[in-house]
């Protein structure tokens, strides 16, 4: 059974990079372009992992993570946060909100696969 991964990022380029990085693995990739659509997608697909950007219009990643952690379905969901900033304050803030792990942009395919593999069992196709 494929691993369900939801990518929430307003950048189509980043969503494509993530999708292409995982094309050799047994994954079902779902996409949303902001936090509000991300929360709606979570209800519909119940992903095994969420890859969440911080800076987005409509609802940013931090607000989405807050809402996710306050719901019974999302309180224990695995979330990798994508951030363009490696400032310690940002990392501390998302850690307090219960993020599972984070990746600083730009990232490589290998970094992404390594972070994901640490949280879910990726199987090569």
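The values are calculated or read from the model by the stated rules, or taken from the named source; none is laboratory data. Every value quoted in this text rests on a predicted model; they were computed, and no experiment measured them. Here the Cβ positions follow ideal geometry from the backbone for every residue, glycine too, while neighbour counts run over all protein chains shown.
Taking segment 75-94, which residues are modelled with pLDDT under 90, more than 15 Å from residue 14 (Cα to Cα) and within 14 Å of the chain's Cα centre (by Cα)?
94
Check every one of the strands (runs of 3 or more DSSP E) wholly within segment 48-125 and list those with 1 or more residues that are surrounded by 19 or more Cβ atoms within 10 Å (Cβ to Cβ).
Working: elements: 49-53, 78-83, 101-104.
Ranges flagged: 49-53, 78-83.
For segment 48-75: of the residues being free of Cβ contacts under 8 Å to residues at least 24 places away in the same chain and in contact with a helix residue (DSSP H, G or I) (Cβ under 9 Å, 6 or more places away or on another chain), which is farthest from residue 4 (Cα to Cα)?
Start the filter on segment 48-75 by keeping residues that are free of Cβ contacts under 8 Å to residues at least 24 places away in the same chain, which leaves 70-72, 75.
When the remaining residues are screened for being in contact with a helix residue (DSSP H, G or I) (Cβ under 9 Å, 6 or more places away or on another chain), the result is 71, 75.
Numbers: 71: 19, 75: 17 Å.
Once the filter is applied, the top-ranked residue is 71.
When residues of segment 1-47 are filtered for being part of a helix (DSSP H, G or I), touching a helix residue (DSSP H, G or I) at 6+ places or on another chain (Cβ under 9 Å) and surrounded by fewer than 16 Cβ atoms within 10 Å (Cβ to Cβ), how many remain? Reasoning before the result, please.
Here is the first cut: in segment 1-47, the residues part of a helix (DSSP H, G or I) are 12-21, 35-45.
Then keep just the ones that are touching a helix residue (DSSP H, G or I) at 6+ places or on another chain (Cβ under 9 Å); that gives 17-18, 20-21, 35-36, 38-39, 42.
Going one step further and asking which of them are surrounded by fewer than 16 Cβ atoms within 10 Å (Cβ to Cβ), we end up with 20.
Matching residues across segment 1-47 total 1.
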